[in-house]
Amino acid sequence: MSGSDARALSRSLLDLCRMRKLTVATAESCTGGLVAGALTDIPGSSDVIDRGFVTYSNDAKRAMLGVKATTLATFGAVSKETATAMAIGALERAGVDLAVSITGIAGPGGATPGKPVGLVHFAVAARDGRILHRECRFGAIGRTTVRQRSVVEALRMLMELARGPQAPAKPRRTAASRLRPRVARTPRGGAVKRRRPPAPR
């Protein structure tokens, strides 16, 4: 994943949000504002991007995004629960249509049992109530690469929710409703009348 991937995704996301009149906020921990930076690097992004929260410490997550101390104590900063709370907090505090959050371990240190270097949790929350969570285990590929790949993943998730809810599939007509009574035909194509057996005398 290169910087060109992030730039292309940023441009596509901004175009889509502009077309659908959506506004966006970011809440970042391990990426330190790189998602907001990728988006605001595109000229004209101010009509879509409202603000970005960089909440590197647990205190910042609580004070700026309203993440509960019990959530952090129970599940840890790098967890589905914290990522979801961060996204919802950014959505509510910014008053936007979409908010994305990222919290992870970019390395080289910081790993704990069950939470290795390269583990990143993402969440995107939408004003209509949709919430998307994703866990990625990038591995020990280097701090810079983990952060770059996290930016691309966050942009992709924003694109998913920006497209809107998928319309439910239309129910298919059953095969029986399309069948018509068939008439037995001879090899020459003439219809055959089925005769009833004669009644016994």
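The values are calculated or read from the model by the stated rules, or taken from the named source; none is laboratory data. All of these numbers come straight from a predicted model, not from anything done at the bench. Virtual Cβ from ideal backbone geometry, glycine too; neighbours counted across all protein chains shown.
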Worksheet item: How about segment 114-128: which of its residues are within 13 Å of the chain's Cα centre (by Cα) and in a loop (DSSP other than H, G, I, E, B)?
Response: none
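Within segment 141-149, identify whether any single residue is of a type outside the set (Gly, Ala, Ser), modelled with pLDDT of 95 or more, surrounded by 13 or more Cβ atoms within 10 Å (Cβ to Cβ) and assigned to a loop (DSSP other than H, G, I, E, B), and answer yes or no. Don't jump to the end; show me each part of the working.
Step one: list which residues in segment 141-149 are of a type outside the set (Gly, Ala, Ser), which gives 141, 143-149.
From what's left, modelled with pLDDT of 95 or more: 141, 143-149.
Now restrict to residues that are surrounded by 13 or more Cβ atoms within 10 Å (Cβ to Cβ): 141, 143, 145-149.
From what is left, the residues that are assigned to a loop (DSSP other than H, G, I, E, B) are 141.
So far as segment 141-149 goes, yes, one or more of its residues are of a type outside the set (Gly, Ala, Ser), modelled with pLDDT of 95 or more, surrounded by 13 or more Cβ atoms within 10 Å (Cβ to Cβ) and assigned to a loop (DSSP other than H, G, I, E, B).
Considering only segment 1-113, give the strands (runs of 3 or more DSSP E) lying wholly within it that have at least 2 residues that are more than 25 Å from Arg143 (Cα to Cα).
Details: elements: 24-28, 49-54, 98-104.
Filter on segment 1-113 gives 49-54.
Return the only residue of Gly76, Gly66, Gly52 being over 21 Å from Ala126 (Cβ atoms) and either surrounded by 22 or more Cβ atoms within 10 Å (Cβ to Cβ) or in contact (Cβ under 8 Å) with a residue 12 or more places away in the chain (or both). Give the steps one after another, and end with the answer.
Values: Gly66 fails: over 21 Å from Ala126 (Cβ atoms); Gly52 fails: over 21 Å from Ala126 (Cβ atoms).
Of the residues listed, the single one that is over 21 Å from Ala126 (Cβ atoms) and either surrounded by 22 or more Cβ atoms within 10 Å (Cβ to Cβ) or in contact (Cβ under 8 Å) with a residue 12 or more places away in the chain (or both) is Gly76.
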Discussion item. Considering only segment 128-138, I want to know if a residue exists there that is surrounded by 24 or more Cβ atoms within 10 Å (Cβ to Cβ), modelled with pLDDT of 95 or more and either over 15 Å from Gly52 (Cα atoms) or in contact with a Pro (Cβ under 7 Å, 6 or more places away or on another chain) (or both).
Written reply: no
Worksheet item: Mind checking whether some residue in segment 113-123 is touching a strand residue (DSSP E or B) at 6+ places or on another chain (Cβ under 7 Å) and touching a residue at least 60 places away in the same chain (Cβ under 8 Å)?
Response: yes
Worksheet item: Identify, please: which residue in segment 22-41 is in contact (Cβ under 8 Å) with a residue 24 or more places away in the chain and either on the phi > 0 side of the Ramachandran plot or hydroxyl-bearing (Ser, Thr, Tyr) (or both) and is, among those, surrounded by the most Cβ atoms within 10 Å (Cβ to Cβ)?
Response: Thr26
Worksheet entry | Positions within segment 79-105 being surrounded by fewer than 19 Cβ atoms within 10 Å (Cβ to Cβ) and hydrophobic (A, V, I, L, M, F, W, C), in sequence order | none
